[in-house]
1. Could you figure out which of (1) in a helix (DSSP H, G or I); (2) among the β-branched types (Val, Ile, Thr); (3) under 23 Å from Ser71 (Cβ atoms); (4) touching a residue at least 24 places away in the same chain (Cβ under 8 Å) isn't true of Thr164?
2. Across the stretch 9-39, what is the number of residues that are more than 25 Å from Leu139 (Cα to Cα) and assigned to a helix (DSSP H, G or I)?
3. How do the pairs read when you match residues in the stretch 34-48 that are farther than 25 Å from Trp5 by Cα and free of Cβ contacts under 8 Å to residues at least 24 places away in the same chain with residues anywhere that are aromatic (Phe, Trp, Tyr) and surrounded by 12 or more Cβ atoms within 10 Å (Cβ to Cβ), using Cβ under 8 Å and keeping only pairs 6 or more apart or on different chains?
4. Here are the criteria: (1) free of Cβ contacts under 8 Å to residues at least 60 places away in the same chain; (2) out of contact with any strand residue (DSSP E or B) (no Cβ under 7 Å at 6 or more places or on another chain); (3) buried (at least 17 other Cβ atoms within 10 Å of the Cβ). Tell me which single one Phe151 does not satisfy.
5. Out of all the residues in the stretch 20-38, which are surrounded by fewer than 15 Cβ atoms within 10 Å (Cβ to Cβ) and within 15 Å of Thr159 (Cβ to Cβ)?
6. Please go through the stretch 20-33 and give me each residue that is over 14 Å from Ile78 (Cβ atoms) and either in contact (Cβ under 8 Å) with a residue 60 or more places away in the chain or within 13 Å of the chain's Cα centre (by Cα) (or both), ordered by number.
7. Gly131: of a type outside the set (A, V, I, L, M), in contact with a helix residue (DSSP H, G or I) (Cβ under 9 Å, 6 or more places away or on another chain), under 17 Å from Lys14 (Cβ atoms) and modelled with pLDDT under 95, yes or no?
Amino acid sequence: MMIIWLNGAFGAGKTTIAHELQQKLPNAIIYDPEIIGSALMELVPEEMKENDFQEYQEWRCWNAHLLKRMSKESGRPIIVPMTLYKNEYEEELIGYLRRAGIDVYHFLLAVEKEEILQRLLKRNDGTFEWGKNKLPEVLEGFRQIQFTEIFRNHSADTTEIVATILNRVTE
């Protein structure tokens with residue numbers, strides 16, 4: 001039972017590296033917690049809406065329980081490409097999974113602020129302003145979290161990062 005949590009600011013390369021890892025890890029599952037977040041944002045009435053779905057305790061709880069169940073019942077490696085920047089939320093999710101006996105490798109893909117902004121602009125998916133406004137809080141939050149390892153992801157070539165992660169999780 002193993003979960004690889006790829007953390008980093010928006011545009012740090014989490015999804016790209018997740019797909020590269022999935023190709024190298026037999027039977028690995030990519031799990032996207034944003035799906036539950038999007039559902040919550042659709043379901044919750046306007047007067048109860050939060051600015052960020054991570055603020056919903058239900059989002060943290062449902063993802064933690066579903067990841068635990070998937071890990072224990074499938075026995076397959078799970079890759080989670082998700083920005084998680086509040087220490088207490090990291091404890092609710094990753095701490096919970098570790099206490100359940102699941103090996104969770106929590107990696108940070110660190111990218112300089114200017115590079116993140118350039119990457120977000122290139123996406124052209126309407127998330128630039130939200131990501132730009134959230135960035136200072138996210139980068140500050142990462143300083144409070146303990147990671148398995150931190151990678152500087154400044155290159156389009158992610159081969160070395162993927163190889164290092166694979167070595168780390170298969171030791």
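1. Single failed check for Thr164: (4).
2. Here is the first cut: in the stretch 9-39, the ones more than 25 Å from Leu139 (Cα to Cα) are 22-29, 39.
Those still in the list that are assigned to a helix (DSSP H, G or I) too: 22-24, 39.
Going through the stretch 9-39 one residue at a time, the tally reaches 4.
3. Correct list of pairs: Val44/Tyr56.
4. (2)
5. Residues satisfying the conditions are Gln23, Lys24.
6. Taking the stretch 20-33 and keeping what is over 14 Å from Ile78 (Cβ atoms), we get 20, 23-24.
Across the stretch 20-33, the qualifying residues are Glu20, Lys24.
7. On the way: of a type outside the set (A, V, I, L, M): yes; in contact with a helix residue (DSSP H, G or I) (Cβ under 9 Å, 6 or more places away or on another chain): yes; under 17 Å from Lys14 (Cβ atoms): yes; modelled with pLDDT under 95: yes.
Here the answer is yes, as Gly131 does meet what is asked.
The values are calculated or read from the model by the stated rules, or taken from the named source; none is laboratory data. If you're wondering where the values come from, they're calculated on a predicted model, not measured in any experiment. Don't worry about glycine lacking a Cβ; one is built from the backbone with ideal geometry, like all the others, and counts go over all protein chains shown.
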